[in-house]
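Chemist: Could you have a look at this structure, given as structure tokens, before my questions?
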Amino acid sequence: MLYDRIKKFDFVKNRKKFFAFSIAITIVGIITLVALGLNTGVDFKAGTTLDINGDKPMEKVKVEAVIKDALGYEAKGVNIGGADNNHATARFDKVLTQADVTNVMGKLSAEYGTLTKEENTVDTELANELARKAIYAVLIASIGIIIYVTIRFEWRFAVAGIVALLHDAFIVISLFSIFRWEVNLPFVAAVLTIVGYSINDTIVIFDRIRENLRFAKLKTADDLHTLVNNSIWQTMTRSINTVFTVFIGALCLFIFGSESIKYFSLAMILGLVSGAYSSVCIASPIWMLLKQSSLKKARPAVAAKE
């Protein structure tokens, strides 16, 4: 009985509410991005990251104090991890010299004994190049998807699909900007992965719409409305199962994974939720509106012939 009541929910009828919700988040995201930008990590601006391993448990407060004592300023962020809290990651907004690194490691070794380190430094030119290539990657992926969907389906499906795809990517970027979560290279990988999952969910619904179109006799906008809503519900179980399976994996990575992939898994979680939402509530209604306009144009043409 509950399922029957849920199934009566009309996604197409409530499209204006969904559009308003997405537009509101987009506006907030644009304002935040213009005012504050993204909280970029060392990958996208000059700086140094030190990954330090030892045999003894480390304390975040003590590591921060030792680094400040060694350099005269604090690290941007210090994270403690490892099975025995014997791994520390320290990020710096400045490029550390070898003397700085030696000084930091010397003082930390005095506290925690023998330590090993891995040093990663990004200069300004490389950081800018990484940022440019990240943008190019998303744009090229979007163009490829537009071409594929246009050939495989039709241009209306391509337009609706790319709007939903960009919606998902921008929602994740906006949330990271609003809450000041760090943006790094794993985040870019997450956004590209989200793009793939988003268009996959959308195409499943589009394929069902196309199949139903073969046997439908569309005379009015209400006929089209019913066809789209039925297509969404016919693919609902498959969509939920697919997204939920990946969502559980991303959630486990977020809870049990290391600090280095924390924001990757967080972006994946947000993107999966946004992708499932946009496929049903954004992409399908947009296609319906585009198709509906073609029905309105075709009707006067038929009347003129008669």
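Chemist: Along the Cα-to-C-beta direction of Ile135, a point sits 7 Å from the Cα; which residues of the range 164-178 have their amide N less than 16 Å from that point?
Modeler: 170, 173-174
Chemist: Also: Counting Lys and Arg as +1 and Asp and Glu as -1, each charge on the Cβ, what is the dipole of the range 47-122 about the Cα centre in debye, to the nearest 20?
Modeler: 120 debye
Chemist: Out of Val228, Phe247, Ala216, whose Cα points farthest toward the positive end of the dipole of the range 182-306 (charges: +1 Lys, Arg; -1 Asp, Glu; placed on Cβ)?
Modeler: The residue sitting most towards the positive pole is Ala216.
Chemist: Taking H as built 1.01 Å from N, whose amide H comes closer than 5 Å to the amide H of Leu96, not counting residues under 5 places away?
Modeler: Amide H neighbours of Leu96: Thr48.
Chemist: Next question. Using Cα springs under 10 Å in a Gaussian network model of the chain, which residue among Ala164, Ala20, Ala131 shows the largest mean-square fluctuation?
Modeler: Greatest mean-square fluctuation among the candidates belongs to Ala20.
Chemist: Let me ask something additional. Could you pull out every one of the aspartates and glutamates with an alpha carbon less than 18 Å from that of Lys219, ignoring same-chain neighbours closer than 8 positions?
Modeler: List returned: Glu211, Glu306.
Chemist: Please arrange Phe21, Phe11 by how many other C-beta atoms lie within 10 Å of their C-beta, fewest to most.
Modeler: Phe21, Phe11
Chemist: In what sequence do Cys281, Cys252 fall when counting other Cβ within 10 Å, fewest first?
Modeler: Values: Cys281 22, Cys252 11.
In increasing order of surrounding Cβ atoms, one gets Cys252, Cys281.
Chemist: To the nearest 20 debye, what charge dipole does the chain have about its Cα centre, counting +1 at the Cβ of each Lys and Arg and -1 at the Cβ of each Asp and Glu?
Modeler: Approximately 2100 debye in magnitude.
Chemist: Going by how many other Cβ atoms sit within 10 Å of their own, how do Thr32, Thr237, Thr202, Thr226 line up, fewest first?
Modeler: Fewest-to-most Cβ neighbours within 10 Å comes out as Thr237, Thr226, Thr32, Thr202.
Chemist: May I pose another question? Can you tell which of Ser284, Ser22, Phe179 lies farthest toward the positive end of the dipole of the chain, using +1 and -1 charges on the Cβ of basic and acidic side chains (Lys, Arg; Asp, Glu)?
Modeler: Ser284
A short reminder: the numbers here are calculations on the coordinates, not readings from a lab. A quick note: this is a predicted structure, and the numbers were derived from the prediction, not measured. Glycine also receives a Cβ, built like all others from the backbone with ideal geometry; neighbour counts cover every protein chain displayed.
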